[in-house]
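Working notes, structure below.
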Amino acid sequence: MQTVLFHSTVFGPIHSRRLGISLGINLMPNDGKVCSFDCLYCEAGFNAQGPGRDGIPTRESVKRQLKKKLEAMLAEGQGLDVITFSGNGEPTLHPQFNGVVHDVLLLRDRYFPTAKVSVLSNATQAGKPDVAAALRRVDNNILKLDSAITATMRVLNRPASPHVIPDGVIADLKAFGGQCIVQTMMLRGDYDGKHIDNTTEAEVQALIAAYRQIAPREIMLYSIDRKTPAEQLQQVPLDELNDFGRRIQQATGITVQVN
Ligand code: SF4
């Protein structure tokens with residue numbers, strides 16, 4: 001069974017062509033997964049693996065570990081382009097997410113003031129005032145919307161709560177007044193006897209309508225590029241993603257980044 005990818009709270013730095021030098025923060029357990037979605041493509045595996053035994057790190061522990069890492073990187077003369085909240089689940093589920101973001105921004109300002117702080121979130125908590133306030137403070141508030149059609153969200157993202165539906169997520173994202181980036185995973189495949197395809201004309205039209213309402217500062221389209229827990233999923237080829245990107249950008253007037 002595919003299981004979690006990250007075995008520490010602070011991980012990296014990872015060098016990537018797209019992000020540069022990137023340090024990751026995992027606010028979920030190091031030996032299990034906790035998420036309000038259970039996406040078929042999750043690189044951390046399915047939620048069924050359980051939350052593990054380590055528990056989530058305290059605010060103090062995150063601060064201490066990040067400070068130590070940043071001091072070491074500075075002492076070694078390393079650079080840093082971005083600090084990204086991602087990891088084994090949904091970072092905004094951390095009960096002190098707001099406080100953690102505050103600490104991370106202060107540490108960034110102190111040690112690497114030119115580095116950006118990004119959060120990759122599934123947006124299920126974005127309607128909570130304290131979470132929304134924290135997300136407004138980071139440089140890149142990157143929120144997931146894979147489908148604007150309820151039935152597709154149900155089979156693809158598998159929200160834990162039946163109350164999470166595209167209309168609610170769209171309203172929460174719209175409330176950022178453009179201070180967000182919407183990220184959409186495009187894929188096709190089969191799972192549990194159901195066919196999944198969020199690249200059909202109806203899906204793309206529904207996404208375009210949602211992007212228009214949300215009016216984010218940018219849209220990011222991507223597809224699978226690692227092993228996924230549901231094994232019969234197919235990657236959408238880059239040239240097709242580029243075509244979707246061009247169409248969506250033309251229809252919405254919003255910059256689309258394909259990666
Ligand atoms: S929202 Fe992210 S962490 Fe949660 S299941 Fe989906 S891909 Fe995995």
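The values are calculated or read from the model by the stated rules, or taken from the named source; none is laboratory data. In this text, all values refer to a predicted model and were calculated from it rather than measured experimentally. Cβ: placed from backbone, ideal geometry, glycine included. Neighbour counts: every protein chain shown.
With the structure loaded, tell me whether S61 is part of a loop (DSSP other than H, G, I, E, B), away from the ligand (no atom under 16 Å from the Cβ), among the hydroxyl-bearing types (S, T, Y) and outside the structural domain of T228 (by TED's automatic domain parsing) or whether it fails that test. Judged against the criteria, S61 is not a match.
Comparison of G127, G99 shows that the only residue that is over 15 Å from the mean Cα position of the chain (by Cα) and not assigned by TED's automatic domain parsing to the domain that holds E76 is G127. Just one of the listed residues (V104, V4) is in a loop (DSSP other than H, G, I, E, B) and in contact (Cβ under 8 Å) with a residue 24 or more places away in the chain, namely V4.
Just for strands (runs of 3 or more DSSP E) wholly inside the stretch 181-259: which have at least 2 residues that are surrounded by 13 or more Cβ atoms within 10 Å (Cβ to Cβ) and out of contact with any Lys or Arg (no Cβ under 7 Å at 6 or more places or on another chain)? Break it down stepwise before answering.
Values: elements: 181-185, 187-191, 194-197, 218-222, 233-235, 256-258.
Ranges flagged: 181-185, 187-191, 218-222, 233-235, 256-258.
Looking at S121, S22, S86, which one is under 19 Å from the mean Cα position of the chain (by Cα) and free of Cβ contacts under 8 Å to residues at least 40 places away in the same chain?
Of the residues listed, the single one that is under 19 Å from the mean Cα position of the chain (by Cα) and free of Cβ contacts under 8 Å to residues at least 40 places away in the same chain is S121.
Name the single residue that is farthest from L5 (Cα to Cα) among those in the stretch 68-90 being part of a strand (DSSP E or B) and more than 16 Å from the ligand (Cβ to nearest atom).
Kept after step one, since they are part of a strand (DSSP E or B), are these residues of the stretch 68-90: 82-86, 89.
When the remaining residues are screened for being more than 16 Å from the ligand (Cβ to nearest atom), the result is 82-83.
Values: V82: 19, I83: 17 Å.
Among them, the one singled out is V82.
Within 27 Å of I214 (Cα to Cα), away from the ligand (no atom under 16 Å from the Cβ) and surrounded by fewer than 22 Cβ atoms within 10 Å (Cβ to Cβ): which single residue out of L93, L105 fits that description? When all the criteria are applied, what remains is L105.
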